[in-house]
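Below: the structure, in structure tokens.
No lab work stands behind these numbers, since they all come straight from the coordinates. Small disclaimer: the values here were computed from a predicted structure and weren't measured. Here the Cβ positions follow ideal geometry from the backbone for every residue, glycine too, while neighbour counts run over all protein chains shown.
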Amino acid sequence: LVLAGGAEALSHSPLVLRRAAVEWLAALNAARSLLGKAREMFNLRPGFFKPVIGLERGLTDPIVDLNMGQTAEILAHLFHVSRHDADAYAVESHHRLANAQQQGWLADEVTPAFARDGRMFEADDGVRPDSSIEKLATLKPAFEPPWGKVTAGNSSQITDGASWVILASEAATKKHGLTPKAEIIDSEWAALDPSIMGLGPVLCSTALLKRRQLTLSDVEVWELNEAFAAQVLACLAAWQDEDFCRRTLGLDGAAGAIDRSRLNVDGGAIALGHPVGTSGNRIVLHLVNALKRLGRKRGIATECIGGGQGGAMLIETV
């Protein structure tokens, strides 16, 4: 038996000292004499203590020097994702999650949390049931003004969270009398240029499907993590792009289209939030529950990973 999961507290991301300040402090500590320390004090500059936001640094790729939102803008440009389409996708995410919450479909996978003042939170409160394309259209581009497609409204929310599942071998289920909900059939990881890391799900999912001799349409439910609406739409477009599929995926032609009714059926990170150390576990958990509820057999959970990676897991209910 294995307890597998992750936790994230993006709201508590630290403020970090600049490299110049770190180097100055190191030199000050290294000075052995009082005179040496006095000399180093003269090298102190006020700008040393202008803090760097840890969250911003953590979400910026050090190799290509792009933050995650900028990589989404690259994908929007490459695959001609419009601002309207990105906003429309975000609205759909909010509406689907609002409906799932109203129907009680998430009750079995959400544990109440308590604030320090005793308030109880029984549901994620980032969802906006009244979201509309008209409202989102008023937001300014967050990363590439003035013409960028990515805004705060069509990006995943910065949130805290934790998610855990129990993994068990067949022998363990028999020994402990456990009834499994689903089986992990296969998984795949992929690497790619960090500047287009959002296409990670396309590379790893395609390799997984090829190995299992499956097509996109053979997958009954997809959980593709919504880092950005433009990123999800770019992934869908990439599978339908014949040149991309031949050149990058090694296919004979376009992979095809994913039925949108099978994709993120109860919304995703745009409405729910994206605590990055938690999301992979969460989408697998929700995929299992969605498959059970819908009476479906096979699903894939997949996500992009900053730094130029993608991960995918093929799940079947039992």
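Results, tabulated for the structure shown:
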| read-out | value |
| --- | --- |
| Signed unit charges on C-beta, dipole axis of region 253-318, positive-most listed residue L291, T278, G307 | L291 |
| Nearest-0.05 FRET efficiency for T215 and V110, computed from C-beta distance (R0 30 Å) | 0.35 |
| Once the Cα gyration tensor of region 10-58 is diagonalised, semi-axes √(5λ) in Å | 28, 10, 7 |
| Region 185-310, relative contact order [Cα under 8 Å, separation at least 6], % | 43 |
| Inter-site label distance for L167 and H77 at 7 Å from Cα along Cβ, in nm | 3.9 |
| Three-way shape label, region 209-269, alpha-carbon gyration tensor, a/c 1.5 | oblate |
| Residues S132 and A254, FRET efficiency given R0 of 41 Å [Cβ-Cβ distance, rounded to 0.05] | 0.80 |
| Pairwise label distance in nanometres, K37 with F49, each label 7 Å out on the Cα-Cβ vector | 1.7 |
| Approximate shape of region 75-162 as ellipsoid semi-axes (Cα gyration tensor, √5λ), whole Å, largest first | 30, 15, 11 |
| Euclidean distance of C-alpha centroids, region 103-151 and region 274-292, integer Å | 17 |
| The chain, dipole about Cα centre (Lys/Arg Cβ +1, Asp/Glu Cβ -1), debye to the nearest 20 | 880 |
| Length gained when the stretch V318-L28 is fully extended (0.36 nm per residue, less Cα-Cα span) | 98.2 nm |
| Model label zone, L1; criterion: amide N under 16 Å from point 7 Å along Cα-to-beta-carbon; scope region 156-173 | 164-173 |
| Proximal lysines to K174, defined as alpha-carbon separation beneath 26 angstrom and excluding residues fewer than eight positions away on the same chain | K292, K297 |
| Region 10-58: relative contact order in percent, alpha carbon pairs under 8 Å with at least 6 residues between | 59 |
| Label assignment, Kirkwood radius over Cα pairs in Å derived from the structure, set [x] 20.4; [y] 19.4; [z] 21.5 | [z] |
| Dipole-positive endmost among V318, G6, N264 within the chain (Cβ charges, Cα centre) | G6 |
| Eligible lysines near K135 by straight Cα distance, threshold 19 Å, same-chain separation 8 or greater | K149 |
| Inter-site label distance for I185 and A20 at 7 Å from Cα along Cβ, in nm | 5.6 |
